[in-house]
Number of protein chains: 2
Amino acid sequence: MSTTPSSCPLCAPPRPDLLVADLGLVTVRLNEDQFFPGYCFVVLKQHAAEPYHLTITDRTEVMEKVYLVARALEALFTPDKMNLESLGNMVPHVHWHVVPRHRTDALWPRPIWSEPHEPVKLDAASLERRVGDIRNEIVRLAASG
Amino acid sequence: MSTTPSSCPLCAPPRPDLLVADLGLVTVRLNEDQFFPGYCFVVLKQHAAEPYHLTITDRTEVMEKVYLVARALEALFTPDKMNLESLGNMVPHVHWHVVPRHRTDALWPRPIWSEPHEPVKLDAASLERRVGDIRNEIVRLAASG
């Protein structure tokens, strides 16, 4: 909780090619490492270390956005389970890991952190398509309520 | 999402000596392994695989209970960061890991899953005291709003 906004990497603007959506209090960003296909971050725009340090209105809105992203990833990637994590030991700025998990993934059923892996980076066209697909599904779900 | 309630270990009643509190839609249970002091689970009483499969009212209440437990653990254990995780790959029944983390803990700043560890089990008196301390702090915080 000692990180100041000026030195906080999550207070900086997101990389444009990874930005999935701007959703009020949060941005949605694709994890550059797509070892787990669809893996996104939901990042609070303001600086706060813990979700429960926010007002109830804000923390509820943040969580609703996390769930919206999870539902979009569920629709697109048909995971066997969704993993949701707020850690922030290295970057104490509220951000949620939203990770679709499959029985066929290399680390199943263990947590994603249980073994190191080589990052999977998409080429520019595949990255653009994936970001666009997730964005479109979020928009579709948000419109249908 | 294929686990049926009859075979789901988290649909079974909690071990009485680990039960911290019964809070409406959820129970709070101390993790028997106290390698990370204060580590609790917040377990949904009904069977559901994902928090976002619940109604907005229910999923908001569940998250408010997770935050209440986190605040109690923050007050008691003064962590450097709180880790909140909904995984469920092995037991697909909504349960949140609420884990106080310290710069001095063996795995800091990595996630708790990054290396195996020998479980730390408290003796009966210490377990009872820890469960009681967390329960009292939850009650105190809930009463103060």
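Throughout, read-outs are computed from the coordinates displayed, never taken from laboratory work. Keep in mind the model is a prediction, meaning the values are calculated, not measured. Heads up, the Cβs are rebuilt from the backbone with ideal geometry, glycines too, and the neighbour counts pull from every protein chain shown.
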- Message: As an exercise: evaluate A:R59 against (1) buried (at least 19 other Cβ atoms within 10 Å of the Cβ); (2) within 11 Å of chain B (Cβ to nearest Cβ); (3) under 15 Å from the mean Cα position of the chain (by Cα); (4) over 23 Å from A:N136 (Cβ atoms) and give the number of the one condition it does not meet.
- Response: (3)
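Name the one entry in A:A21, A:A49 that is crowded, with 20+ Cβ neighbours inside 10 Å and not in a helix (DSSP H, G or I). First the steps, then the outcome.
Working: A:A49 fails: crowded, with 20+ Cβ neighbours inside 10 Å.
Only one candidate passes the filter, namely A:A21.
Here is a yes/no grid of residues against (1) in contact (Cβ under 8 Å) with a residue 40 or more places away in the chain; (2) farther than 17 Å from B:G38 by Cβ; (3) surrounded by fewer than 20 Cβ atoms within 10 Å (Cβ to Cβ); (4) under 16 Å from the mean Cα position of the chain (by Cα):
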{"position": "B:L87", "(1), (2), (3), (4)": "no, yes, no, yes"}
{"position": "B:V91", "(1), (2), (3), (4)": "yes, yes, yes, yes"}
{"position": "B:D105", "(1), (2), (3), (4)": "yes, no, yes, no"}
{"position": "B:H117", "(1), (2), (3), (4)": "yes, no, yes, no"}
- Message: When the residues of segment A:120-134 are narrowed to those that are touching a residue at least 40 places away in the same chain (Cβ under 8 Å) and either outside any loop (DSSP other than H, G, I, E, B) or within 28 Å of B:W96 (Cβ to Cβ) (or both), which ends up nearest to the other protein chains (Cβ to nearest Cβ)?
- Response: A:I134
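If I filter segment A:33-46 for residues that are on the phi > 0 side of the Ramachandran plot and either surrounded by 21 or more Cβ atoms within 10 Å (Cβ to Cβ) or of a type in the set (G, A, S) (or both), do I get at least one hit?
If we filter segment A:33-46 for residues that are on the phi > 0 side of the Ramachandran plot, which is where we start, we get A:38.
Remaining after also requiring either surrounded by 21 or more Cβ atoms within 10 Å (Cβ to Cβ) or of a type in the set (G, A, S) (or both): A:38.
Yes: segment A:33-46 contains one or more residues that are on the phi > 0 side of the Ramachandran plot and either surrounded by 21 or more Cβ atoms within 10 Å (Cβ to Cβ) or of a type in the set (G, A, S) (or both).
From B:P79, B:P109, B:P116, grab the single residue that is more than 29 Å from A:D58 (Cβ to Cβ), within 12 Å of chain A (Cβ to nearest Cβ) and either part of a helix (DSSP H, G or I) or out of contact with any helix residue (DSSP H, G or I) (no Cβ under 6 Å at 6 or more places or on another chain) (or both).
Residue meeting the stated conditions: B:P116.
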- Item | Single match in A:P37, A:P9, A:P13 (criterion: free of Cβ contacts under 8 Å to residues at least 60 places away in the same chain and assigned to a loop (DSSP other than H, G, I, E, B)) | A:P13
- Query: When you go through A:D33, A:D22 one by one, which is the residue that is within 29 Å of A:A106 (Cα to Cα) and not hydrophobic (A, V, I, L, M, F, W, C)?
  - Reply: A:D33
